[in-house]
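Chemist: There's a structure below that I have some questions on.
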Amino acid sequence: MIERTVSPAFSSRPRLVLASGNVGKLREISSMVQPLGWTVLPQSDWNLPAAVEDGATFIENALIKARHAARHTGLPALADDSGLVVDALAGAPGIFSSRFAGEHANDEANNRKLLEMMRDVPVSGRTATFYCAMVVLLHEQDPAPLLATGRWPGRIAETLSGSGGFGYDPLFWVESHGCTSAELEPGIKNLLSHRGQAMASLLAQLQSVQCD
């Protein structure tokens, strides 16, 4: 187990390690879990080595990341594996969404590559879905993980718009609200999004969990 490098906050509350260093994910998931009284801690507090995400699906990779975090921290771990599935690109970027433009790509590079690949695709063919698989392992060898998924249909916009969210949000057009995901208020996004859907299902399961 790797020793945590900062003092735990709210140590009297049940704690979950978020198996991600993504600040956007930490912010969104923490706000969703807060009503249950859980404290969500980023795995970066333990300086964890990166998990090897060699699964073929979002669910497999979420389990890999959660097991990795639970093993190194000794705490229950929450992981999600999310991505953008674009119909015109045969499902790409899919499980490679965070590294679409290369192993160390950032959001700007990933969005730029997506726009370039979609340059000649008409509006009718720009359909896409955000997908999320989310799991909680109470310990490394937990044989019955909590599991939830969410899907958010939309389409790829032709230009970037909005400064909220992260990842592909500035390119993900939400038909019901006439704007991109990056232009939605955070509370509205949490209700609509793939991650929000998965988290709502997972919260219902977490309510019956007793652990520290």
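Chemist: Got at least one residue in the stretch 160-169 being aromatic (Phe, Trp, Tyr) and within 18 Å of residue 65 (Cβ to Cβ)?
Modeler: Of all residues in the stretch 160-169, those aromatic (Phe, Trp, Tyr) come to 166, 168.
So of that shortlist, the ones also within 18 Å of residue 65 (Cβ to Cβ) come out as 166.
Yes, the stretch 160-169 has at least one match.
Chemist: Name the strands (runs of 3 or more DSSP E) wholly inside the stretch 93-205 in which the number of residues that are exposed (fewer than 15 other Cβ atoms within 10 Å of the Cβ) is 1 or more.
Modeler: Numbers: elements: 127-137, 146-156, 172-174.
Fully inside the stretch 93-205 and qualifying: 146-156.
Chemist: Quick check, is residue 157 of a type in the set (A, V, I, L, M) and over 19 Å from the mean Cα position of the chain (by Cα)?
Modeler: On the way: of a type in the set (A, V, I, L, M): yes; over 19 Å from the mean Cα position of the chain (by Cα): yes.
For residue 157, the condition - of a type in the set (A, V, I, L, M) and over 19 Å from the mean Cα position of the chain (by Cα) - is met.
Chemist: Follow-up question, since we're still on this one. Go over the candidates 73, 57, 5 one by one and state the one that is at pLDDT 85 or above, of a type in the set (Ser, Thr, Tyr) and farther than 30 Å from residue 124 by Cα. It would help to see each step written out before you state the result.
Modeler: On the way: 57 fails: farther than 30 Å from residue 124 by Cα; 5 fails: at pLDDT 85 or above.
After applying the criteria, what remains is 73.
Chemist: Take the residues in the stretch 156-189 that are in contact with an Asp or Glu (Cβ under 7 Å, 6 or more places away or on another chain) and of a type outside the set (S, T, N, Q), then tell me which one is farthest from residue 81 (Cα to Cα). Before you say what the answer is, go through the steps one by one.
Modeler: Let us first name the residues in the stretch 156-189 that are in contact with an Asp or Glu (Cβ under 7 Å, 6 or more places away or on another chain), namely 161-162, 164, 166-167, 180-182.
Applying the additional criterion that residues be of a type outside the set (S, T, N, Q) yields 162, 164, 166-167, 182.
Values: 162: 23, 164: 20, 166: 15, 167: 13, 182: 19 Å.
Looking at the filtered set, the residue picked out is 162.
Chemist: Further, regarding this structure: For the subset of the stretch 8-52 comprising residues that are part of a loop (DSSP other than H, G, I, E, B) and within 30 Å of residue 184 (Cα to Cα), which member is modelled with the highest pLDDT? Steps first, answer last, please.
Modeler: From the stretch 8-52, those part of a loop (DSSP other than H, G, I, E, B) are 8-14, 19-22, 37-38, 47-52; that's our starting set.
With the extra rule that they be within 30 Å of residue 184 (Cα to Cα), the set shrinks to 19-22, 37-38.
Values: 19: 93, 20: 86, 21: 78, 22: 79, 37: 82, 38: 84.
Top of the filtered list is 19.
Chemist: Which count do you get for residues in the stretch 61-100 that are of a type in the set (A, V, I, L, M, F, W, C), farther than 21 Å from residue 168 by Cα and out of contact with any helix residue (DSSP H, G or I) (no Cβ under 6 Å at 6 or more places or on another chain)? Walk me through it before giving the result.
Modeler: First, the residues of the stretch 61-100 that are of a type in the set (A, V, I, L, M, F, W, C): 62-64, 66, 69-70, 75, 77-79, 84-86, 88-90, 92, 95-96, 100.
Filter once more, so that each one left must be farther than 21 Å from residue 168 by Cα: 63-64, 66, 69-70, 75, 77-78.
With out of contact with any helix residue (DSSP H, G or I) (no Cβ under 6 Å at 6 or more places or on another chain) added as a condition, the list becomes 63-64, 66, 70, 75, 78.
Total satisfying the criteria: 6.
Chemist: So which pairs qualify, if the first residue must be in the stretch 137-156 and free of Cβ contacts under 8 Å to residues at least 60 places away in the same chain, the second must be among the basic types (Lys, Arg) and surrounded by 18 or more Cβ atoms within 10 Å (Cβ to Cβ), the Cβ gap must be under 8 Å, and the two must be at least 6 apart or on different chains?
Modeler: Close Cβ pairs satisfying both conditions: 150/195; 155/126.
Chemist: What number goes with the only condition from (1) in contact with a strand residue (DSSP E or B) (Cβ under 6 Å, 6 or more places away or on another chain); (2) among the small types (Gly, Ala, Ser); (3) within 30 Å of residue 125 (Cβ to Cβ); (4) not in a strand (DSSP E or B) that residue 88 does not pass?
Modeler: Every condition holds for residue 88 apart from (1).
The values are calculated or read from the model by the stated rules, or taken from the named source; none is laboratory data. Predicted model, so just to flag it, every value in this text is computed and none were measured. Virtual Cβ from ideal backbone geometry, glycine too; neighbours counted across all protein chains shown.
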